[in-house]
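Below is one structure, written out as structure tokens; comments come after it.
The values are calculated or read from the model by the stated rules, or taken from the named source; none is laboratory data. Worth saying up front: this structure is predicted, and the values here are computed from it rather than measured. In this analysis, Cβ positions are derived from the backbone assuming ideal geometry, glycine residues included, and neighbour counts consider all displayed protein chains. Just so you know, the surface numbers come from the protein's heavy atoms only, side chains and all, with ligands and any DNA or RNA stripped out. Shrake-Rupley method; radii C 1.70, N 1.55, O 1.52, S 1.80 Å.
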Amino acid sequence: MTEDRTIGTIMRTDVLRCAPSTPLSEAAELMQEHRCGSILVMDGERPVGIWTEHDALGLDLDVGGSLDIPIGKVMSAPLVTVGPEMTVSEAGRRMKDEGMRHLVVTGPHGKLLGLVSQTDIIKHFGIQHYLYMRDVRSAVPRALVTVGADMPFTEAMRIMREERTDAAVVVDAHNQHVGIVTERDILRLIARRQPVQSVDSIASKPLFTISAQTTLLHARDLLEQKGFRHLGVTDDHGLLTGILSFSDILTSLEHEYVRRLEDALHQRDRALEESKRHLNLAHKVIEASLDGIIITDMEGVIEAVNPAFTTLTGYMAEEVIGQKPAMLRSGRHDAEFYAQMWNSIVSRGHWQGEVWNRRKNGDIYPEWLTITRIQDIEGGATKFAGIFSDITERKKAEERIRNLAYFDVLTGLPNRRLFNDRLAMAINSAKRHHQRLAILFLDLDLFKRINDTLGHSVGDRVLEEMSNRLKLSMREADTVSRMGGDEFTVLMSEIHDVDDAVRSARRIIESIREPFLVEDRELFVTTSIGISVFPEDGDNPEVLVKNADIAMYRAKDLGRNSYQLYTPQMNAKSFERLAMENEMRKAIERGEFLLNYQVKMNLDTGGIAGAEALVRWNHPDLGLVPPADFIPLAEDTGLIVPLGEWVLRAACQQNKAWQDRGLPPIRMAVNISPHQFNQADLVGRVRGILAETGLDPKYLELEVTESVLMEHMDIAALMLNELRSLGVVTSIDDFGTGYSSLAYLKRIPIDALKIDASFMHEIATDESDAEIVSAIIGLAHNLRLKVVAEGVETEEQIAFLRSHGCDEIQGFLVSRPVSAENFEQLFVQDLLVQPPGVRNPPGKRKK
């Protein structure tokens, strides 16, 4: 390659030389005789300067005796020398950067070894392909310098010096070009010691011209073969537009371009020899190359081409994708040629050689083509890549696609595609060796809350830490992957029994249970895991993953933070769950939901203090569906948000309707789910529904669980303050079952506490329950909060609650949830409760 070739291998050793005392005309005569553009001035064996044709242009020939000046007085010095180890490409760049036409090559102690000219560089640069692809217009200087035929020659020299050109076109009185005058003509004049003459008498005639569309390669060959120093360049109409010289060709070369191309080709060849199974190094090689690339599938159908392909062939990408490379064939190669090519590809995995192809415009051109069979991790062929020009960007893109296709960007874990590939291989191996394997399907519990409240950046950090803990919890041979979102899977090959998978699941749960420290926050995360085992739970990847997923959802249904082994019964339950979800979506649209209302009774007066709206589902085929069957599903699927909004609107409409009929105004309580509470526009929706229904905000009470409030206390406090500013009453539902704390009760603006029904069951017989209820009532009253007891079913419970100052009660003893029509009847009943029990609570008719 050119980058390995040094100027020591191309330099001319028969260097023309003279002593410093040599007269100028004598030195010029030597140069004329040997057809040489330069002469070295030597002091013994040491070069001290150089005099060139270009230096002749700087002489003032009008000065008497100028031709007899010793050359030592006009030579270029000090001399720029280089060592023979300099590469040809480096020498070309040096000449271009410093404006030199010759480089003197010296050895140790300054001994002359040889001389390298621009012509030598261009001949040995190895840029034939580059010169072929460019025409002479890319190298011709913009301005054309002309001199008149009858002009004194010294005047022409002055013009050439001022224009900094080595040649000028000679034109006659009619402005027609008749020849050319160059630095070599000046040298000839000096060598012959001719008196100063007109330009016409010394000019070279005629001027040899070429078309502007001629390639630089052809122009270079003409200059070399004809011994010309310059060529005229004409346009499509035959008009002279410029002059081209060796110097112009060298100046036009983009040496940095050539250097990168050389580096890329060198890297490419090395990469193809080191590895035929991977594309990674090939991507980088093509990145630095200006070669074209074409990618086909195993049937030879073109899938992609790069811009350099378009530059070389003229075909746009959309014109060739879906076609076969045969469309590029020139017809110069017979069937045997292609048969040998494919035989090499099949047997060796690649082919390399010269091939002739056809451009879109019909031009036939040669290219150096490398075809490589691309293999996947298992060694199977997947595609073919043909490289014949710059594929830098294409290779970058392919590498990104490869990474995105098989690995998760965030965690670096194998993604779903790679996991499925490995699972399929593991199943085939397990079948052959009669082994078992297990799939663990994991999902982070309530992860959406972290994203919604703390932001996706925090969520991403949690997922990254989750992946690290999973890898540390598993064996090195196990595959841990991220399926998407907060779902992960683990493939455990060659397990002895199910207990191996169970132990791993327990280990994972314990690892995840440790707090996650993210941005100075301690976050507590749990996971639910489903386990399926080959061959008992499935014999193909799809079934095994699906059954592990079903088992994971069963773990969530049973309270989360646990694992479940798959059983066939779960599959039936999963189908029921899916069917129920589909029916629920339709139920909202079809208006199958309705509200029942349960009385809240003032324990002092026995009157109705309010009501709680409770949603019911009246399915056309199943009848009334228990809330325990559809509320959790609505929470998991997110349907609780539209359903909760419907409940809120319907409850407000009903309360306003009762007031419009003249019934006593009461406060309507509506439960707000965690999903609803986490909606950023909850306050706006409540405000809109109140305005839409016309209900006074003081007659609406929103109930939220304390676990929701505790999760993000600052946000909850802000939202509750906004609701309070609307005039809406707020209360904590199921108090005592979560993170009950005096600290948060003081910070969060609420109006009431609802004691969970679980404390009511044994209140009359269990001293612990009685003390807890008594403490809650005392705590609430100290904070000026109202207390409501849920699940009241006996007169003993009422007696206890009254004795401890409970404000309101709710339960079956007072009234079961009833329809809106039946609730209206409760307004007209006797609502007084006489101590020690309730004689005629609402919902109990007088005998």
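Structure above, values below:
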quantity	calculated
Total residues in region 77-125, condition among the small types (G, A, S), surrounded by 17 or more Cβ atoms within 10 Å (Cβ to Cβ) and closer than 22 Å to P20 by Cα	2
Subset of region 426-456 that is of a type in the set (G, A, S) and in contact (Cβ under 8 Å) with a residue 24 or more places away in the chain - its residue that is most open to solvent (accessible area, probe 1.4 Å)	S429
Among the residues listed as L801, L783, L813, the single one being aliphatic (A, V, I, L, M), touching a helix residue (DSSP H, G or I) at 6+ places or on another chain (Cβ under 8 Å) and open to solvent by 40 Å² or more (accessible area, probe 1.4 Å)	L783
Residue under evaluation D499, criteria (1) in contact (Cβ under 8 Å) with a residue 24 or more places away in the chain; (2) over 29 Å from the mean Cα position of the chain (by Cα), criterion not met	(1)
Extreme residue, nearest to the chain's Cα centre (by Cα), among residues of region 34-70 that are part of a helix (DSSP H, G or I) and in contact (Cβ under 8 Å) with a residue 40 or more places away in the chain	H54
Matching residues, region 686-717, being within 25 Å of G736 (Cβ to Cβ), open to solvent by 40 Å² or more (accessible area, probe 1.4 Å) and not hydroxyl-bearing (S, T, Y)	M710, E711, D714, I715
Meets criteria (open to solvent by less than 30 Å² (accessible area, probe 1.4 Å), at pLDDT 90 or above and hydrophobic (A, V, I, L, M, F, W, C)) for A770	no
Which numbered condition E29 misses (of (1) more than 16 Å from T106 (Cβ to Cβ); (2) open to solvent by 60 Å² or more (accessible area, probe 1.4 Å); (3) in a loop (DSSP other than H, G, I, E, B))	(3)
Residues within region 301-351 that are among the acidic types (D, E), part of a helix (DSSP H, G or I) and within 27 Å of the chain's Cα centre (by Cα), tallied	1
Condition met for G238 (small (G, A, S) and either over 59 Å from the mean Cα position of the chain (by Cα) or under 28 Å from E33 (Cα atoms) (or both))	no
Residue match in region 674-683 (condition: of a type in the set (S, T, N, Q) and either farther than 26 Å from E522 by Cα or in contact with a strand residue (DSSP E or B) (Cβ under 8 Å, 6 or more places away or on another chain) (or both))	no
Residue list for region 155-172, restricted to those being open to solvent by less than 30 Å² (accessible area, probe 1.4 Å) and within 22 Å of R193 (Cβ to Cβ)	A156, M157, M160
Selection count where residues are farther than 14 Å from I295 by Cα and open to solvent by 40 Å² or more (accessible area, probe 1.4 Å), scope region 320-332	4
Scan of region 115-172 for residues that are at pLDDT 85 or above, under 30 Å from R12 (Cβ atoms) and part of a helix (DSSP H, G or I), ordered by number	V136, M157, M160, R161
Only listed residue being hydroxyl-bearing (S, T, Y), out of contact with any strand residue (DSSP E or B) (no Cβ under 6 Å at 6 or more places or on another chain) and over 29 Å from F827 (Cβ atoms), chosen from T605, T637	T637
Output for region 616-641, where each listed residue is under 30 Å from K448 (Cβ atoms) and either open to solvent by less than 20 Å² (accessible area, probe 1.4 Å) or assigned to a loop (DSSP other than H, G, I, E, B) (or both)	W617, H619, L622, V625, P626, F630, L633, A634, G638, L639, I640
Some residue of region 516-531 being touching a residue at least 60 places away in the same chain (Cβ under 8 Å) and over 27 Å from F407 (Cβ atoms)	yes
Every residue from region 89-114 that is outside any loop (DSSP other than H, G, I, E, B) and small (G, A, S)	S89, A91, G92, G110, G114
Enumeration of residues in region 689-709 that are in a helix (DSSP H, G or I), out of contact with any helix residue (DSSP H, G or I) (no Cβ under 6 Å at 6 or more places or on another chain) and closer than 18 Å to I748 by Cβ	E706, S707
Matching residues in region 197-208 - criterion: being surrounded by fewer than 18 Cβ atoms within 10 Å (Cβ to Cβ) and of a type in the set (S, T, N, Q)	Q197, S198, S201
Residue within region 56-70 that is of a type outside the set (V, I, T), modelled with pLDDT of 90 or more, open to solvent by less than 30 Å² (accessible area, probe 1.4 Å) and closer than 30 Å to P152 by Cβ present	no
Pick from region 718-735, criterion out of contact with any Asp or Glu (no Cβ under 7 Å at 6 or more places or on another chain) and hydrophobic (A, V, I, L, M, F, W, C), ranking: most open to solvent (accessible area, probe 1.4 Å)	L718
Positions within region 744-758 being out of contact with any Leu (no Cβ under 9 Å at 6 or more places or on another chain), free of Cβ contacts under 8 Å to residues at least 40 places away in the same chain and either surrounded by fewer than 17 Cβ atoms within 10 Å (Cβ to Cβ) or polar (S, T, N, Q) (or both), in sequence order	R747, S758
Residue match in region 4-25 (condition: among the β-branched types (V, I, T), open to solvent by less than 20 Å² (accessible area, probe 1.4 Å) and assigned to a strand (DSSP E or B))	no
Test set (1) surrounded by fewer than 21 Cβ atoms within 10 Å (Cβ to Cβ); (2) modelled with pLDDT of 85 or more - G386 fails condition number	(1)
Some residue of region 807-821 being assigned to a helix (DSSP H, G or I), of a type outside the set (G, A, S), more than 25 Å from V686 (Cα to Cα) and in contact (Cβ under 8 Å) with a residue 12 or more places away in the chain	no
When residues of region 638-688 are limited to those that are out of contact with any helix residue (DSSP H, G or I) (no Cβ under 7 Å at 6 or more places or on another chain) and among the polar types (S, T, N, Q), the one farthest from A611 (Cα to Cα)	Q659
